[in-house]
1. Check Gly222 against each of (1) exposed (fewer than 15 other Cβ atoms within 10 Å of the Cβ); (2) modelled with pLDDT of 55 or more and name the one condition it does not meet.
2. Answer with yes or no whether Leu56 is out of contact with any Pro (no Cβ under 9 Å at 6 or more places or on another chain), assigned to a helix (DSSP H, G or I), under 16 Å from Thr106 (Cα atoms) and not basic (Lys, Arg).
3. Of everything in segment 18-38, what is closer than 10 Å to Ala99 by Cβ and either hydroxyl-bearing (Ser, Thr, Tyr) or part of a helix (DSSP H, G or I) (or both)? Give them in sequence order.
4. Any residue in segment 267-279 that is under 16 Å from Gly192 (Cβ atoms) sitting within a Cβ distance under 8 Å of a residue that is among the charged types (D, E, K, R) and open to solvent by 70 Å² or more (accessible area, probe 1.4 Å)? List the pairs, counting only those 6 or more apart or interchain.
5. Would you check which residues across segment 100-119 are under 17 Å from the mean Cα position of the chain (by Cα) and surrounded by fewer than 20 Cβ atoms within 10 Å (Cβ to Cβ) and list them?
6. State yes or no: is Ser194 among the polar types (S, T, N, Q), open to solvent by less than 20 Å² (accessible area, probe 1.4 Å) and at pLDDT below 85?
7. Scanning segment 2-35 for residues that are surrounded by 15 or more Cβ atoms within 10 Å (Cβ to Cβ), in contact (Cβ under 8 Å) with a residue 12 or more places away in the chain and aliphatic (A, V, I, L, M), which turns out nearest to Arg49 (Cα to Cα)?
8. Go through segment 92-158 and tell me which helices (runs of 4 or more DSSP H), entirely inside it, have 1 or more residues that are at pLDDT 70 or above and out of contact with any Lys or Arg (no Cβ under 9 Å at 6 or more places or on another chain).
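The values are calculated or read from the model by the stated rules, or taken from the named source; none is laboratory data. Note that the structure is a prediction, hence the values are computed from the model and not measured. As a convention, Cβ positions derive from the backbone with ideal geometry for all residues, glycine included, and neighbour counts pool all protein chains shown. These area figures cover heavy atoms from the full protein model, side chains too; ligands, DNA and RNA do not enter into them. Shrake-Rupley method; radii C 1.70, N 1.55, O 1.52, S 1.80 Å.
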Amino acid sequence: MTHLVSRFGTMPNVKRQHDAILQISLLQLSSTETVVRKRAGSTIGVMSRVLSDALLHQLVDRLLRQIDLAEGVGKSGKRRARAARANSTTTDPIADTRAILRTMCTVSGEVGHRLTQSQIDCIIPIFLRFCDAEDAMSGDDEASEDESVSMEETEEAVELANELRESCFAGFSSFVLRCPKEVMPHLKSIVGASLAYMRYDPNYSYGDEEEGEEEDGDESSGVEEFSEDEDEYSEEEDEEDDDDDASWKVRRGAIQALTAVVESTKLQNMDPSSLWTEEYSWRKDQSM
């Protein structure tokens, strides 16, 4: 279907089927099969290039309703998602969170310039819900009782959260480059979230490393007690932990979003240095 739409989507016979194809593809975002959800999202992304303005706006509104009901990440995102579901009257099946966000990012990248200001004003705050600066922790941050509970999430939940955040930052980059004027009211929030997640590294503590170096200096004799075999085992264990940690993708996405902001200001003949004279809040009671 994706290839059919990409090659013949503008032909009259196919254009008459756009609405039907779109409705079927949207339903498949709720499929239990991962492959089906991904292919449905790809089809919708390709279709967005050839849809009429009326159908495109219907598509975006439908995706926005689904994203608004989607399960959030972090304590703040989940709280907002529960509130949105409690106030919702829609009968549409709730699509897979990853699939719906990935699809929205794809559509934004393809036809972001065709979206209205009101739609962008809805999309960006919803994306920010998945990139709340309050949840951007490093190993040095002291967790509150609520945050300690969220840190006990399963590896699958952490992987899902990182993937969603990576998709959202990709969406920010696309919006900033393709429709910079419409994004301007949200630019400070995007920069703030990007700065927060640029240092997002929940498994690494810089403070612990400094303390460890001091302890090594005071107790150098203790190091000699470890055998070479134990050292090799420790190194292999650290490598496995690094392989499992996908938070670097979130940091990369945040940096790419900041890069897009700078490039966008250059394209608009603005001085990018003006961005860094502002103070951005990136954590509660903290700014940079």
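1. Just one mismatch for Gly222, condition (2).
2. Working: out of contact with any Pro (no Cβ under 9 Å at 6 or more places or on another chain): yes; assigned to a helix (DSSP H, G or I): yes; under 16 Å from Thr106 (Cα atoms): yes; not basic (Lys, Arg): yes.
When the stated conditions are applied, Leu56 passes them.
3. Step one: list which residues in segment 18-38 are closer than 10 Å to Ala99 by Cβ, which gives 28-31, 34, 36-38.
Listed by number, the residues that qualify are Gln28, Ser30, Ser31, Thr34, Val36, Arg37, Lys38.
4. Glu278/Lys188
5. Gly109 - this is the single residue of segment 100-119 that is under 17 Å from the mean Cα position of the chain (by Cα) and surrounded by fewer than 20 Cβ atoms within 10 Å (Cβ to Cβ).
6. no
7. Val5
8. Values: elements: 97-111, 117-129, 145-150.
Filter on segment 92-158 gives 97-111, 117-129.
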